[in-house]
Amino acid sequence: MMLFYFGFILLVAYDKPLLGSLVVPGLSLGILLGAFVIVAAWVLIWIYVRWANKHYDTAIETLRGEQ
Amino acid sequence: MTALFFFVFIAFSLGVTYVAARRTHSAAHFYTAGGRVTGLQNGLALAGDYMSAASFLGIAGLVALSGFDGLIYSIGFLVGWPVVMFLIAEPLRNLGKYTFADVVAFRLRQAPVRVAAAIGSLAVVSFYLIAQMVGAGNLIRLLFGLEYELAVMIVGAVMLAYVLFGGMMATTWVQIIKAVLLLSGAFLLAVMALSRFGFNPLALFRAAADQYGVAVLGPGRLVSNPFDAMSLGLALMLGTAGLPHILMRFYTVPDAKTARSSVSYATAFIGFFYLLTFILGFGAMVLVGQPAIRAIDAGGNMAAPLLAKAVGGDAFLGFISAVAFATILAVVAGLTLAGAATLSHDLWVNVVRHGDASELEQLRVARASTIVLGVLAIVLGIVFKGQNVAYMVGLAFAIAASANFPALLLSMFWRRFTTRAAQMSMLAGTASSLILIYLSPTIQIDILKNAAASFPLRNPGLVSIPLSFAVAIAVARLWPEPEAEARFAEVEHRVHAIPAPRS
């Protein structure tokens with residue numbers, strides 16, 4: 001997540017013309033990547049919740065059972 | 001019409017407070033609603049606590065006036081949530097009781113840690129309160145023509161009624177109602193704005209580019225200095241995980257699994273809302289026009305209400321303004337409750353009384369602290385009249401990321417963390433961020449009208465956050481604390497909610 005976001009911030013900081021360039025009329029690369037960062041946050045959290053519900057919780061249950 | 005929406009909201013939320021008040025009899029109910037909030041409820045309440053006036057009014061205004069640059073705030077405010085999820089939410093739930101200082105102080109000496117944590121928390125809460133109160137004062141003045149000072153006092157009084165009588169239960173419900181209103185209001189506003197462009201966002205962006213030049217779709221002069229961009233980005237990202245009123249919400253759920261699901265709901269709602277700000281900002285830019293927005297408020301804070309008027313007339317303006325007002329009230333209530341928890345639970349109960357205070361005394365002190373903070377909020381709102389709302393919130397995030405986040409993270413994950421390191425890191429984070437804010441161009445050049453500023457960055461995060469970490473690590477290395485290290489196993493067990501082995 002930090003990579004996505006800091007990649008985005010560094011582009012804002014160092015390569016403004018690139019982010020200002022248009023992908024299609026009306027849509028700049030900056031707006032597209034910005035929306036992508038938000039979607040990436042959703043996806044990462046969704047993957048984490050699936051992993052935690054499936055694997056982490058079962059592992060903790062096992063540990064509790066052993067005590 | 002506007003007045004009608006206002007009174008309906010206030011009457012309804014006070015009704016909720018009345019019901020909640022009848023169930024608030026203990027400190028645990030006052031601070032955490034008895035720990036029985038569900039994941040969806042807490043997710044909505046987190047979203048309600050987080051989407052402040054700065055988000056709705058401030059960002060829509062920034063985008064309307066400077067285009068793409070405003071979106072940097074939208075995106076920055078969201079990326080803190082994965083950090084909260086991966087590092088903070090679940091361990092925090094398992095380790096603490098009412099405040100985040102419970103976690104930091106868990107295996108350290110109570111008094112020094114709690115005093116330092118209280119200083120950091122109160123600094124964050126104060127800056128955040130200033131932003132909300134200033135936004136509320138402006139909004140009510142614009143809508144009803146009331147004096148700014150009177151408007152601030154009304155907001156303070158209504159908020160006090162919620163928190164004082166209903167505690168966390170009322171605050172949570174006010175936030176849930178507000179989140180639902182804000183999400184549906186912003187969605188409706190975005191749909192109505194897009195209907196003018198054949199429901200195609202690209203057509204809207206194209207119209208903005210035609211009218212104001214294609215430059216509005218790319219980064220411009222708001223972040224002219226690369227280090228400024230990084231500093232703001234770092235503060236927004238790590239600040240969320242250090243905001244006392246957000247952290248406190250994780251104690252309202254029964255277990256770590258619910259804490260987890262509440263963050264995923266919150267991130268879904270907040271991300272959706274920030275995507276809508278893209279549309280709202282550019283919509284206001286095209287349909288209202290930059291000159292008209294500037295004419296009403298130079299900071300652009302009224303862009304969203306003006307867009308509502310442009311697409312839906314006076315009735316819709318009334319609805320959106322009532323939503324904005326609800327937004328501010330709910331955030332102010334959450335902040336006041338977090339501040340009151342710090343004053344009463346951290347300072348009074350654990351430092352003055354050494355953890356030995358009756359239930360009745362805790363509740364009394366909590367309510368007294370609430371009144372103190374309510375009065376403080378009104379005074380700050382009046383003193384800081386005319387400040388930029390989104391910018392003040394950015395500073396609150398910087399202080400939270402420097403003062404609270406490093407100590408909280410290290411206390412949970414670093415075996416060799418010590419009392420002195422926690423104390424020094426929190427004090428260094430608070431002091432350095434406050435001093436650098438004072439030396440920044442915003443204070444020195446824009447407000448004090450000096451020729452130059454001795455610190456080049458507008459946001460202190462890039463310096464103060466690493467400094468706080470460095471101080472923590474250096475102090476812990478120089479003065480180890482074997483007792484704290486010995487109790488780390490207990491922390492590890494509690495983090496995963498496994499009973500600690502007998503030693």
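The values are calculated or read from the model by the stated rules, or taken from the named source; none is laboratory data. Keep in mind that what you see is a predicted model, and the values were worked out from it rather than measured. Cβ: placed from backbone, ideal geometry, glycine included. Neighbour counts: every protein chain shown.
For the reader, a short list of remarks on this structure follows.
- Look at segment A:23-44: where a residue is more than 7 Å from chain B (Cβ to nearest Cβ) and a partner is surrounded by 13 or more Cβ atoms within 10 Å (Cβ to Cβ) and aromatic (Phe, Trp, Tyr), sitting 6+ places away or on another chain with Cβ atoms under 6 Å, you get A:Leu33/A:Phe8; A:Ala40/A:Phe4.
- Only one of B:Thr336, B:Thr277 that is within 24 Å of A:Ala35 (Cβ to Cβ) and crowded, with 24+ Cβ neighbours inside 10 Å: B:Thr277
- Taking every residue in segment B:316-335 that is farther than 21 Å from B:Thr32 by Cα and pairing it with any residue that is outside any helix (DSSP H, G or I) and among the hydrophobic types (A, V, I, L, M, F, W, C), at least 6 positions away or on another chain, the pairs with Cβ-Cβ distances below 6 Å are B:Gly318/B:Met1.
- So B:Ala452, is it at pLDDT 85 or above and more than 21 Å from the chain's Cα centre (by Cα): no
- Qualifying residue in segment B:399-409 (condition: under 29 Å from B:Val84 (Cα atoms) and without any contact (Cβ under 8 Å) to a residue 60 or more places away in the chain): no
- Looking only at residues of segment A:11-22 that are in a helix (DSSP H, G or I), more than 7 Å from chain B (Cβ to nearest Cβ) and modelled with pLDDT of 75 or more, we find that the one that is nearest to the chain's Cα centre (by Cα) is A:Leu11.
- Filtered by the rule that a residue be closer than 17 Å to B:Ala366 by Cα and of a type outside the set (S, T, N, Q), segment B:23-57 gives B:Arg23, B:His25, B:Ala27, B:Ala28, B:His29, B:Phe30, B:Tyr31, B:Ala33, B:Gly34.
- Residue in segment B:327-347 that is part of a helix (DSSP H, G or I), modelled with pLDDT under 85 and farther than 28 Å from B:Leu44 by Cα present: yes
- Of everything in segment A:45-58 that is at the interface with chain B (Cβ under 9 Å from one of its Cβ atoms) and of a type in the set (A, V, I, L, M), the residue that is farthest from B:Ala256 (Cα to Cα) is A:Ile45.
- Number of the exception - B:Arg107 against (1) over 21 Å from B:Val331 (Cβ atoms); (2) touching a Leu at 6+ places or on another chain (Cβ under 6 Å): (2)
- Of all residues making up segment B:141-157, the number that are at pLDDT below 80 and either crowded, with 24+ Cβ neighbours inside 10 Å or in a helix (DSSP H, G or I) (or both): 4
- Here the condition is being assigned to a helix (DSSP H, G or I) and buried (at least 21 other Cβ atoms within 10 Å of the Cβ); of B:Val365, B:Val372, it holds for B:Val365 alone.
- Number of positions in segment B:129-168 that are over 26 Å from B:Phe319 (Cβ atoms) and aromatic (Phe, Trp, Tyr): 1
- The sole residue among B:Gly76, B:Gly80, B:Gly67, B:Gly145 that is at positive phi and within 13 Å of chain A (Cβ to nearest Cβ) is B:Gly67.
- In the condition set (1) crowded, with 18+ Cβ neighbours inside 10 Å; (2) in contact (Cβ under 8 Å) with a residue 12 or more places away in the chain, A:Leu11 is compliant with all but (1).
Conditions tested, residue by residue: (1) of a type in the set (D, E, K, R); (2) at pLDDT below 90.
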| site | (1), (2) |
| --- | --- |
| B:Ile443 | no, yes |
| B:Asp446 | yes, yes |
| B:Ala470 | no, no |
| B:Pro499 | no, yes |
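- Breaking point among (1) under 19 Å from B:Ser74 (Cα atoms); (2) away from chain A (no Cβ under 14 Å); (3) surrounded by 17 or more Cβ atoms within 10 Å (Cβ to Cβ), for B:Ser126: (1)
- Residues in segment B:355-412 that are in contact with a Pro (Cβ under 6 Å, 6 or more places away or on another chain) and more than 19 Å from B:Leu434 (Cβ to Cβ): B:Met412 only.
- For the residues B:Phe12, B:Phe56, the requirement of being over 19 Å from the mean Cα position of the chain (by Cα), farther than 21 Å from B:Ala341 by Cα and either hydroxyl-bearing (Ser, Thr, Tyr) or assigned to a helix (DSSP H, G or I) (or both) singles out B:Phe12.
- For the residues B:Val288, B:Val365, B:Val351, the requirement of being more than 24 Å from B:Ile176 (Cα to Cα) and touching a Ser or Thr at 6+ places or on another chain (Cβ under 9 Å) singles out B:Val365.
- The set of residues in segment B:355-376 being β-branched (Val, Ile, Thr) and without any contact (Cβ under 8 Å) to a residue 60 or more places away in the chain consists of B:Val365, B:Val372.
- Sub-9 Å Cβ pairs linking a first residue in segment B:254-268 that is in contact (Cβ under 8 Å) with a residue 40 or more places away in the chain to a second residue that is outside any helix (DSSP H, G or I) and basic (Lys, Arg), at least 6 apart or interchain, are B:Pro254/B:Arg36, ordered by first then second residue.
- Lone unmet requirement of (1) out of contact with any helix residue (DSSP H, G or I) (no Cβ under 7 Å at 6 or more places or on another chain); (2) closer than 23 Å to B:Leu122 by Cβ for B:Val463: (1)
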